[in-house]
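The values are calculated or read from the model by the stated rules, or taken from the named source; none is laboratory data. Values in this document were obtained by computation on a predicted structure and should not be read as measured data. Neighbour counts are summed over all protein chains in view; Cβ atoms, including those assigned to glycine, are modelled from backbone coordinates with ideal geometry. These accessible areas exclude ligands, DNA and RNA; they are computed on the full protein's heavy atoms, side chains included. Shrake-Rupley method; radii C 1.70, N 1.55, O 1.52, S 1.80 Å.
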Amino acid sequence: MNAPTTLRIGLTGGIGSGKSTVSAMLSSLGAVVIDADAISRQLTAPGGAALPSIAQTFGSQMIDPHGAMDRQAMRALVFGNPNARQQLEAIIHPLVTQTIRQQAQAAAEAGARVVVLDIPLLVEAGDRWRKEVDKVLVVDCSTETQIARVMQRSGLQREEVQRIIDQQASRAQRAQVADVILLNEGLDMSALQAEVKKVARQFGL
């Protein structure tokens, strides 16, 4: 009898969509969640694998006194500088991909039925992630709801939130690549949990 195959789900959604909440709920239902953002932070933390290349490319002033990448300085550098952003992505993205592959493989070997790759910029990255996942789950809501949620939790001004949304893939672009869309609009936590359970059942959880 063959061992059950691990299903790899790519999870994405715009800022304020509730993606992180859905990710935590899927984890509580038995999925193994691999967080691309967390991996990226580890790679640029003290001792992180990306640091030597960052220092070599951008100079040692981009490493803070604790031995981590100076996030504030790097943000200031890449903001409005596409060339610097591309250089940084060329260092970090392959390492993130490699780490995610290793963690997904380890989870599959440990018998995980569902591995969720939580990738905020899955759509923006083009085809890079499509071959790494079997299905794409998009958490969606109206732009107005995104703005309201982010303003409430972060204290950012409306224009700042809109600017972040404008830099991300559009709802239509995400819908195009989605195998499943979870509409997180007007739901309280228990209603969202019920929707996540429905989706989880589709995935065999």
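Out of the residues in segment 68-85 that are in a helix (DSSP H, G or I) and exposed (fewer than 11 other Cβ atoms within 10 Å of the Cβ), state the one that is modelled with the highest pLDDT. Per the criteria, the residue is N83. Take the residues in segment 136-147 that are touching a residue at least 24 places away in the same chain (Cβ under 8 Å) and assigned to a helix (DSSP H, G or I), then tell me which one is surrounded by the most Cβ atoms within 10 Å (Cβ to Cβ). Checking each candidate, the answer is Q146.
As a summary of the residue check, G111 satisfies the conditions (1) part of a loop (DSSP other than H, G, I, E, B); (2) modelled with pLDDT of 90 or more; (3) under 20 Å from A38 (Cβ atoms) except for the one numbered (3). Of all residues in segment 1-44, those satisfying the criterion of being over 25 Å from Q168 (Cα atoms) and of a type in the set (A, V, I, L, M) are M1, A3, L7, L29, A31, V32. Screening I54 with (1) touching a strand residue (DSSP E or B) at 6+ places or on another chain (Cβ under 6 Å); (2) open to solvent by 50 Å² or more (accessible area, probe 1.4 Å); (3) β-branched (V, I, T) gives one miss only, at (2). Within segment 150-205, restricting attention to residues that are small (G, A, S) and part of a helix (DSSP H, G or I), which residue is surrounded by the most Cβ atoms within 10 Å (Cβ to Cβ)? The selected residue is A200.
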